[in-house]
Amino acid sequence: MTRMTPPVQEVFPHYPDLPGKVALITGLGQVGPRESSFWGNGAATARLLSHNGVKIFGCDLNLSAAERTKERLLEEKTDAVVDVVAADVTNSADVEALVRAAMERHGRIDILINNVGQTAAGNPETMTEDLWTRQLNLNLTSVYRLCHHVLPIMQRQGGGSVINNASITAMRYIGKHQIAYASAKAAVIRFSKATGVMYARDNIRCNCVVPGLMYTPLVDNFARSEDAGDREAAARILNHNCPMGWMGTGEDVANGVVWLASGASRYVTSHALVIDGGITESTGTGFEAL
C-alpha cells in the first residue's frame, strides 16, 4: 500500500528573478472541505508562485473554488496580489476576455500556466463522438486558445514562460479506459515541445509537466463520494504501487511548474518534466493494483 504522507518535509524554494512577475493560471480553484490541508495542482502552483512574490491572475469554471484559493493564499501571505475570475477555457470569448482582464489589471503576462484538465471514461468503441470532441476541447484546444492570445503579448514584452499540464496517461496505459484524455494529453506534450522550438528565438520558453497519480483534493473527494464509480476511481489511484512508496501531491507538481517558470531553468525549453515517483519507468510493479 502506498503511503499517503510524504516522508520528506515540504519545502518552499525561492527564485530571485520571480518577484514582481505576473502569472496567468487556469484552473486554480480549490475543491474539498474548507478545513482541508490539501492543495490541488493549480492552487499549489499559485501558492508557491505567490510565496515567490509573483502576482497571480487566475480563473476557474467555478468562481467560488477560485475564490477559495485566493482566500487561502491571503491567509498565508497577507500582501499577496491575487485576482480570480470565472472563465470557461472551452469558450473562445471567455478566454479572450480572461487575457484582456489580466492585461488591464497588470499590463503584462510573464508566466502562463495551462492547468485545466478533466478525464472521462470510454474506449474507442464506447465513447461517443460528442464526448470525444468535448474532451479534446477541454484538455487540448484550451491550451491552444490561451497560447493563441498570450504568446503575442510575450513576444511584445521580449519573453515569457509557458507551462502546460500533461499526464502520464500520455506516456503509458494506467489501467483505465480514458482514450480521449490520454490522446489529448499526449498532444499537449507534442504541442509544448513544438511551440518551445517555434518561439525560442523570442525568448519564450514552452514546457510541460507530466504528473503521475497524485494525491490531490479531487482524489480525496472521489474517495469520500457516495458514487461507486468515483470511489472505484479513487481506489485505483490510492492503491497503486509507486516505486518510491509514497504518493506525490499538488506541492510536488507546483515545485516542477515554478522551477520551469523561473530563470533557474533558463536553458530548458520543449521539455516534458515527469513528476511521478518512478511509475512510468517501472515494469509492471507500478500498476499491479490497477
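The values are calculated or read from the model by the stated rules, or taken from the named source; none is laboratory data. All of these numbers come straight from a predicted model, not from anything done at the bench. Because the Cβ atoms are built from the backbone with ideal geometry, glycine has one as well, and the counts that use them run over all protein chains shown. Remember, those area values only see protein heavy atoms, side chains included, never the ligands or the DNA or RNA. Shrake-Rupley method; radii C 1.70, N 1.55, O 1.52, S 1.80 Å.
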Return yes or no: is GLY58 crowded, with 22+ Cβ neighbours inside 10 Å, in contact (Cβ under 8 Å) with a residue 40 or more places away in the chain and of a type in the set (Gly, Ala, Ser)? no
Look at GLU67 and say whether it is closer than 21 Å to ASN255 by Cα and among the acidic types (Asp, Glu). no
Matching residues in segment 138-173 - criterion: being within 15 Å of THR195 (Cα to Cα) and charged (D, E, K, R): ARG145
Restricting attention to segment 46-62, does a residue exist that is of a type outside the set (Phe, Trp, Tyr) and in contact with a Cys (Cβ under 8 Å, 6 or more places away or on another chain)? no
Subset of segment 171-218, residues open to solvent by 30 Å² or more (accessible area, probe 1.4 Å), under 28 Å from ALA121 (Cβ atoms) and aliphatic (A, V, I, L, M), comes to MET171, ILE179, ALA186, ALA187, LEU218
Taking first residues from segment 174-203 that are on the phi > 0 side of the Ramachandran plot and second residues anywhere that are open to solvent by less than 20 Å² (accessible area, probe 1.4 Å), the pairs with Cβ under 6 Å that are 6 or more apart or on different chains are ASN203/GLY159
Is it the case, given these coordinates, that ASP110 is at pLDDT 95 or above and within 26 Å of GLU251 (Cα to Cα)? yes
What do you reckon, is GLY53 open to solvent by less than 50 Å² (accessible area, probe 1.4 Å), in contact with a strand residue (DSSP E or B) (Cβ under 9 Å, 6 or more places away or on another chain) and closer than 20 Å to ALA264 by Cα? no
Does ASP83 meet the test of being modelled with pLDDT of 95 or more, over 26 Å from THR141 (Cβ atoms) and charged (D, E, K, R)? no
Any pair with Cβ under 7 angstrom, 6 or more apart, that starts in segment 121-140 at a residue that is free of Cβ contacts under 8 Å to residues at least 12 places away in the same chain and ends at one that is small (Gly, Ala, Ser) and open to solvent by less than 40 Å² (accessible area, probe 1.4 Å): none
Out of all the residues in segment 150-173, which are over 19 Å from the mean Cα position of the chain (by Cα) and either within 16 Å of VAL253 (Cβ to Cβ) or in contact (Cβ under 8 Å) with a residue 12 or more places away in the chain (or both)? ILE153, MET154, GLN155, GLN157, GLY158, GLY159
Pick from segment 165-206 the residues that are part of a strand (DSSP E or B) and modelled with pLDDT of 95 or more: which of them is nearest to GLY117 (Cα to Cα)? ASN165
Selection status of GLY42, assigned to a loop (DSSP other than H, G, I, E, B), in contact (Cβ under 8 Å) with a residue 24 or more places away in the chain and closer than 20 Å to GLU10 by Cα: no
What is the one condition in (1) open to solvent by 30 Å² or more (accessible area, probe 1.4 Å); (2) among the small types (Gly, Ala, Ser); (3) closer than 21 Å to GLY117 by Cβ; (4) modelled with pLDDT of 95 or more that ALA223 does not satisfy? (4)
Please return the ranges of helices (runs of 4 or more DSSP H) entirely within segment 62-164 where 1 or more residues are open to solvent by 70 Å² or more (accessible area, probe 1.4 Å) and closer than 21 Å to LYS21 by Cα. 63-76, 92-106, 142-157
